[in-house]
Amino acid sequence: MNAAATNFERVAIIGLGLIGGSIGLAVRDHLPGVTTTGYDADPAVRKRAQERGLADTIYESASEAVHRADLVILCVPVGAMGEVAREIAPALAKGVLISDVGSSKQTVADALRAALPGREVIPAHPVAGTENSGPDAGFAQLFQQRWCIVTPPEGADPVQVSRLVSFWEALGAMVDTMDPQHHDLVLAVTSHIPHLIAYTIVGTASDLEDVTRSEVIKYSAGGFRDFTRIAASDPTMWRDVFLNNRDAVLVMLKRLLDDIGGMQKAIEESDGTALFDRFTRTRAIRRSIVALGQDDARPDFGRKDHDNG
Ligand code: NAP
């Protein structure tokens, strides 16, 4: 796809870590006519971004980076979105579209709207990522065959919505639109609660008294290892996600705790049928995810050494 297909000529990326860097690299590969500018608050990140070519030009301030952009994408932690929006507000060009990639949408939409009155703001969330962060983590293919959820506010200009949809499609993503509250509920159960479980179980295992930390690490292949991957995710990003998607996470957490209670009861009562039924249902969910091309069907996610216990 070329620049004409998305109608954007100059894309500013604020925050040059995993997601911002991947957008820059994907634009370079898929939209060669589009110019990118970038800024990150951390001078070391800006230097590395320059070396890796995460944007065509890296600026020393967010205002300079957005100056002539017709699309600005905020790729900073959710808790920093409002502050960045206030910083760039006076420097924005007429007619610019402002979007973001934050993992929660309602509070981000509110913060951006408050900081950018009268501006066209259309939030989005590429549901793609890894446990790595920073300017070395980004890669051009990150969004290939992954969903990007666009959450247009009421009254959003449909032309601008479709420009943003085309932009994400050009980077290889499949796009859905949703209202922000629904996005937050869906992501609470598909992403935020799984991270909460991983952070909890890895913390619990490392705090146990009767199993040593070295035993936990040594025998980690027994399921624990997959939790450690998720629990290695960026602490700032995830702190902000839980603080910003508080209500939806608490709703889903209550539901999960009820279900854990059900599992506890089934084990206490030696109710093998209840356990078997639940495990059969969950296996079917895994198979549908693989069938939809959203994960690797090979055993152990295609890892080379199959040492799972
Ligand atoms: P990341 O790799 O840590 O990159 C974020 C970058 O933004 C960091 O370099 C950070 O610098 C910089 N930054 C922080 N505050 C800033 C500010 N005020 N102005 C300019 N730059 C600032 O994080 P990421 O994984 O790319 O996540 C970025 C956003 O994408 C988050 O909102 C997250 O919720 C969302 N997201 C993440 C994933 C994922 O899997 N990681 C997936 C989808 C969406 P410092 O390190 O110095 O703070």
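Among the residues of the stretch 169-189, are any at pLDDT below 95, assigned by TED's automatic domain parsing to the domain that holds residue 43 and within 13 Å of the ligand (Cβ to nearest atom)? Checking the stretch 169-189: not a single residue is at pLDDT below 95, assigned by TED's automatic domain parsing to the domain that holds residue 43 and within 13 Å of the ligand (Cβ to nearest atom). For the stretch 256-264, state whether one or more residues are in a loop (DSSP other than H, G, I, E, B), open to solvent by 40 Å² or more (accessible area, probe 1.4 Å), at pLDDT 95 or above and not assigned by TED's automatic domain parsing to the domain that holds residue 137. Within the stretch 256-264, not a single residue is in a loop (DSSP other than H, G, I, E, B), open to solvent by 40 Å² or more (accessible area, probe 1.4 Å), at pLDDT 95 or above and not assigned by TED's automatic domain parsing to the domain that holds residue 137.
Cβ separations smaller than 6 Å between residues 6+ apart or across chains give the following pairs from the stretch 244-255 residues that are outside any helix (DSSP H, G or I) to residues that are among the acidic types (Asp, Glu): 245/184.
Filter the stretch 46-62 for residues that are within 16 Å of residue 139 (Cβ to Cβ) and either touching a Ser or Thr at 6+ places or on another chain (Cβ under 8 Å) or in contact (Cβ under 8 Å) with a residue 24 or more places away in the chain (or both) and give the result. Hits for the stretch 46-62 are 48, 49, 52, 53, 54, 55. Taking every residue in the stretch 10-27 that is more than 15 Å from residue 128 (Cβ to Cβ) and assigned to a strand (DSSP E or B) and pairing it with any residue that is open to solvent by less than 10 Å² (accessible area, probe 1.4 Å) and among the hydroxyl-bearing types (Ser, Thr, Tyr), at least 6 positions away or on another chain, the pairs with Cβ-Cβ distances below 6 Å are 11/36; 12/37. When the stretch 118-137 is filtered for residues that are among the small types (Gly, Ala, Ser) and more than 7 Å from the ligand (Cβ to nearest atom), the ones remaining, listed by number, are 118, 124.
One line per residue, one yes/no per condition, for (1) polar (S, T, N, Q); (2) crowded, with 24+ Cβ neighbours inside 10 Å:
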position: 9; (1), (2): no, no
position: 12; (1), (2): no, yes
position: 17; (1), (2): no, yes
position: 27; (1), (2): no, yes
position: 36; (1), (2): yes, yes
position: 56; (1), (2): no, no
position: 78; (1), (2): no, yes
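Consider residue 69 carefully, then state whether it is under 20 Å from residue 150 (Cβ atoms) and either out of contact with any strand residue (DSSP E or B) (no Cβ under 8 Å at 6 or more places or on another chain) or not in a helix (DSSP H, G or I) (or both). For residue 69, the condition - under 20 Å from residue 150 (Cβ atoms) and either out of contact with any strand residue (DSSP E or B) (no Cβ under 8 Å at 6 or more places or on another chain) or not in a helix (DSSP H, G or I) (or both) - is met. Exactly one residue out of 213, 229, 239, 246 is open to solvent by 80 Å² or more (accessible area, probe 1.4 Å), more than 25 Å from residue 301 (Cα to Cα) and modelled with pLDDT under 95: that is 213.
This table checks each residue for (1) over 13 Å from residue 126 (Cα atoms); (2) without any contact (Cβ under 8 Å) to a residue 12 or more places away in the chain.
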| position | (1), (2) |
| --- | --- |
| 162 | yes, yes |
| 167 | no, no |
| 192 | yes, no |
| 205 | yes, no |
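Give the residue that is farthest from residue 198 (Cα to Cα), with candidates limited to residues of the stretch 113-132 that are charged (D, E, K, R) and touching a residue at least 40 places away in the same chain (Cβ under 8 Å). For the stretch 113-132, the residue satisfying everything is 120. Quick one: in the stretch 38-53, which of the residues that are assigned to a helix (DSSP H, G or I) and within 13 Å of the ligand (Cβ to nearest atom) is most open to solvent (accessible area, probe 1.4 Å)? Across the stretch 38-53, the extreme among qualifying residues is 47. So, residue 206, is that one open to solvent by 50 Å² or more (accessible area, probe 1.4 Å) and assigned to a helix (DSSP H, G or I) or not? Considered against the rule, which asks whether it is open to solvent by 50 Å² or more (accessible area, probe 1.4 Å) and assigned to a helix (DSSP H, G or I), residue 206 comes out as no.
Annotation note: of 115, 109, 140, 156, the sole residue that is over 18 Å from the mean Cα position of the chain (by Cα), open to solvent by less than 30 Å² (accessible area, probe 1.4 Å) and within 15 Å of the ligand (Cβ to nearest atom) is 115.
The values are calculated or read from the model by the stated rules, or taken from the named source; none is laboratory data. Just so it is clear, the structure is predicted and the values come from calculations on it, not from any experiment. Here Cβ is always computed from backbone atoms with ideal geometry, including for glycine, and neighbour counts include all displayed protein chains. The area values use the complete protein model at the heavy-atom level, side chains included, leaving out ligands, DNA and RNA. Shrake-Rupley method; radii C 1.70, N 1.55, O 1.52, S 1.80 Å.
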